[in-house]
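Shown next, in structure tokens, is the structure this report addresses.
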Amino acid sequence: MAAEFTIRRATREDLPELLQLYRHLMPDDVPVSTERTEEIWDRFSRYGDSAILLGLLDGRQVATCTLVVIPNFVRGGANYALIENVVTHTDFRGQGHGKAVLLAAVDAAWSLGCYKVMLLTGSKNPATLGFYRNAGFETTKTGFEVRRLPPRER
């Protein structure tokens, strides 16, 4: 029997497993305390239409991304969106789960009236860049950032 893959919004109850999934993005990251995790969840949940999407394979979290929807005063008041923290569990990469979650986030942004969806990656890995291109993202702008923390190792 084939495994069942579903996508849904994360809930507070998903946090322990989600934090483990994030370790596949940044294995050496300093873990966040339970108290701080709860604070972050409470703040994020007030971001209106924003969501953390989960890709579940037979109920197990295997992929995720965060969609932040931002109100806008230009472009006729159309929202725009930012995607961050795109992660697929290392045991499940190359199977289409990450792409499915990413495309679900883009579809959610379109349904919320966003006129564009942006994401940034610091990766120079051709496979990672190809993943984003294959999901429909293009290099159309120049990105700049100011960092307080150093970028993660690639």
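No value in this document is a laboratory result; all are computed from the given coordinates. Computed from a prediction, not measured in an experiment: that's the story for all the values here. Here Cβ is always computed from backbone atoms with ideal geometry, including for glycine, and neighbour counts include all displayed protein chains.
Could you check, for region 45-63, whether at least one of its residues is out of contact with any helix residue (DSSP H, G or I) (no Cβ under 6 Å at 6 or more places or on another chain) and among the aromatic types (Phe, Trp, Tyr)?
Yes, some residue in region 45-63 is out of contact with any helix residue (DSSP H, G or I) (no Cβ under 6 Å at 6 or more places or on another chain) and among the aromatic types (Phe, Trp, Tyr).
Here is a list of conditions, (1) part of a loop (DSSP other than H, G, I, E, B); (2) farther than 18 Å from Val86 by Cα, and Thr37 meets all of them except one; can you say which number that is?
For Thr37, the failing item is (1).
Looking at (1) touching a Cys at 6+ places or on another chain (Cβ under 9 Å); (2) of a type in the set (Asp, Glu); (3) surrounded by fewer than 11 Cβ atoms within 10 Å (Cβ to Cβ), which one does Asp42 not meet, given that it meets all the others?
(1)
Return yes when Phe44 is free of Cβ contacts under 8 Å to residues at least 24 places away in the same chain and among the aromatic types (Phe, Trp, Tyr) and no when it is not.
yes
Answer with yes or no whether Ala3 is of a type outside the set (S, T, N, Q) and touching an Asp or Glu at 6+ places or on another chain (Cβ under 9 Å).
Considered against the rule, which asks whether it is of a type outside the set (S, T, N, Q) and touching an Asp or Glu at 6+ places or on another chain (Cβ under 9 Å), Ala3 comes out as yes.
Give, as residue ranges, the strands (runs of 3 or more DSSP E) completely inside region 57-154 that count at least 3 residues that are exposed (fewer than 14 other Cβ atoms within 10 Å of the Cβ) and touching a residue at least 12 places away in the same chain (Cβ under 8 Å).
none
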